[in-house]
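Read-outs throughout are calculated quantities, based only on the coordinates presented, and are distinct from any laboratory measurement. The shown structure was predicted, so the numbers you read here are calculated from the model rather than taken from an experiment. Because the Cβ atoms are built from the backbone with ideal geometry, glycine has one as well, and the counts that use them run over all protein chains shown.
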Amino acid sequence: MSVLSSKTFTRILGAELDKLMTLPLIWHTLISTFMVNIILAAAYTTSSLHAEAGTQNILNIGLASMGYVQAGFIIIGIVAVCSEYTGGQIRTTLTTIPWRGWQLTAKYVALAIVTIPAALIIAATGVLYPYIMMRDTASVAIEINTLIATLIGATGYLTLTTLLSAALGSLIRRTTPVLVTLVSYYFIVGPLMRDALPSIKNYFPDTAGYYMYMVPYANEINALTSVQGTGIVMVWTLILIIIAIVFYRKRDA
Amino acid sequence: MRAFNAELSKLLSLPGIWLALVIGALAPAVVAALDSIVEKADIVAGISTRLSDIGYIGLGFGVQGVIIIGVLAVSSEYVTESSEAGGGQQITTSLTVVASRLQFLLAKACAVIVISVLLCIVTIMTTVLATQLILGEHAPEFEWTRLIGAVCYWTFTALLAFGITLLTKNGMIPLTVLIINSSVVSFSFLLTKATKLAFYLPDRAGMDMFMSERYLTPVTGGLVMLAWVVVILIIAAIEFHRRDVAA
């Protein structure tokens, strides 16, 4: 990658942000993810109110919907990248910005800028809802530090998942195959692998990511700390991004 | 009949369909194999409570293949071609050639049904083979009635995906929602914890056709799922009939 002035990079970033903001599918996905999250939080809260199994951990109830919500962020990551390849948008992009490495980097940065606040809002509503509903029933004293750490973990996980999907998206370049691969990995293969291969499950992005935001149960063996989890997911994401950038620079658009 | 042949040929020439066929034929067998390995010790000792569901569990969770078929059959028609190829959509060509929209839909639905049924039969063979290989003499007998239930479940699922995609026109949302819903912890499973009505959702009711842990009888379950399929297909057909092609 050749050296760019910071002004040029800012302009590339601005262009990428502009493109992201004007994709209708991104907004539709964000809004529906938000709605689904609230519905799921309500369902989980209701069922745990019925269960009344002693002290429920509000954080775990609120973040139980995360498993589903990540699908929305996977879609956002894929759409952000693959929309360039439907029609010939990619050629216009590369004509106006002839520095491929910087262009793709700017795209990922722009994606993170959009994802972080969205993820934070969605994770926060997920926790807030059971908090409000269960305020009078259970002992709901949660330490503010734990709350903040969990929310940061959840936001980080969703953002890293989005970036990971975007990186895979720029490798495969077609929406449907990427979507099928990622969704079946996160929802079918991942959970099965957790049961079948317990020894190495912690090194995969979904299980490692789980420890970024979940408070591990006290009796759980070989659980990761949230820092270890973050590290593993980050390594996966960075490796995929680097591979994506290398391919992007070498390949015919 | 010619429209049906055309639809079949269109479907089979989509690269995504071949991916779907591979996933559909192998995923259930892998799930069944993993499940058999986990349960093997219990089964040999004769204390397993899940003997009767071995193998079927793969057929229940392995429907991604037919979901992809149902979704792609419609969404591929609505993909906008690149600007070099004229920027058109396949649907305009399809409806120029087969002018009757209902006939077009019927032909497409039949193509989806035929491929799903064939795929399910192949899958049943791979799944039975997988359980036989791992469990040997302990493998459960597969009953015809339940296997037919599984074929119905797969076909109905494909048609549901087909109908929903016809309404959304874009394949991403139905694909994601349906695949997640076919996973181990599905939305509808979650909802059954909250309300008994959720047992009448299409996938829960459909699974009752062949799983032994059931809420409805197999026949009722099948009818409930069929009712969902019919209602969604009718809505989709009306909507498709009235919609402007380019819209």
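Mind giving me the FRET efficiency for B:I238 and A:D252? R0 is 30 Å, r the Cβ-Cβ distance, nearest 0.05 is fine.
With R0 = 30 Å, the Cβ-Cβ based efficiency is 0.10.
Taking one equal scatterer on every alpha-carbon of chain B, how large is log10 of I(q)/I(0) by Debye at q = 0.15, 0.16 1/Å?
Listed by q, the Debye log ratios stand at -1.02, -1.13.
What value in Å³ per residue do you get for the convex hull of the alpha-carbon atoms in segment B:1-143? List each step's numbers first, then the result.
On the way: hull volume 16.7 nm³, N = 143.
It is 117 Å³ per residue.
Rounded to two decimal places and with Rh computed the Kirkwood way over Cα pairs, what is Rg over Rh for the protein assembly as shown? Write down the numbers at each step before the final one.
Details: Rg = 23.8 Å, Rh = 24.4 Å.
Taking Rh as the inverse mean 1/r over Cα pairs, Rg/Rh reads 0.97.
Using label points projected 7 Å from each Cα along Cα→Cβ, tell me how many nm separate A:D195 and B:C110, to one decimal.
4.1 nm
Which helices count as membrane-span-like in chain B under these terms: full DSSP H, at least 27 Å along the axis by C-alpha, Kyte-Doolittle mean of 1.0 or more?
B:15-45, B:101-135, B:144-168, B:218-242
Just to be sure I understand the model, the point goes 7 Å from the Cα along the line to the Cβ. What's the resulting A:F34 to A:K7 distance in nm?
My value for the distance between the label points is 3.7 nm.
Of A:L160, A:L151, A:L197, which has the largest mean-square fluctuation in a 10 Å C-alpha GNM of chain A?
A:L197
Over chain A, what is the mean sequence separation of C-alpha contacts under 8 Å (at least six apart), divided by residue count, expressed as relative contact order in percent?
Normalised by residue count, the contact order of chain A is 25 percent.
Going by average Cβ density within 10 Å per residue, which order do the peptides A:27-34, B:74-81 take, highest to lowest?
Most protected by this proxy first, the peptides run B:74-81, A:27-34.
If each Cα of segment A:6-250 is one equal point scatterer, what is log10 of I(q)/I(0) from the Debye formula at q = 0.10, 0.15 Å⁻¹?
For segment A:6-250 at q = 0.10, 0.15 Å⁻¹, log10 I(q)/I(0) is -0.51, -1.05.
Full extension from B:T220 to B:Q90: what is 0.36 nm times the residue separation minus their Cα-Cα distance, to one decimal in nm?
Between B:T220 and B:Q90, full extension yields an extra 42.9 nm.
Run through every distinct alpha carbon pair of segment B:10-93 and return the Kirkwood hydrodynamic radius in angstroms, one decimal place.
Evaluated on segment B:10-93, it is 15.3 Å.
Compute the distance in nm between two label points, each set 7 Å from the Cα along the Cα-to-Cβ direction, one at B:I148 and one at B:A99.
Taking the two extended label points, one gets 4.2 nm.
Calculate log10 I(q)/I(0) of segment B:75-210 for q = 0.16 Å⁻¹, where I(q) comes from the Debye formula with a single equal point scatterer on each Cα and nothing for solvent.
Debye output, listed in q order: -1.01.
When the helices in the protein assembly as shown are scored as -39500 (n - 2.57) per DSSP H run of 4 or longer and the sum is shared across all residues, what 222 nm value do you end up with, to the nearest 500 deg cm²/dmol?
Calculated at 222 nm, the ellipticity per residue is -24500 deg cm²/dmol.
Calculate one ³J(HN,Hα) per residue across segment B:199-205 by plugging θ = phi - 60° into the Karplus curve 6.51 cos²θ - 1.76 cosθ + 1.60, and present them in order as whole Hz with x for glycine and proline.
Computed from phi, the couplings for segment B:199-205 are 5, 9, 5, x, 6, 5, 4 Hz.
A:T86 to A:I116: FRET efficiency via 1/(1 + (r/R0)^6), r the Cβ-Cβ distance, R0 30 Å, to the nearest 0.05?
0.70
Relative contact order for chain B using alpha-carbon pairs under 8 Å, separation at least 6, rounded to a whole percent?
Relative contact order for chain B comes out at 24 percent.
Taking chain A as the reference, fit the longest principal axis to its C-alpha atoms, fit the long axis of helix A:24-51 to the helix C-alpha atoms, and give the angle between the two in degrees, 0 to 90, nearest 10.
10 degrees
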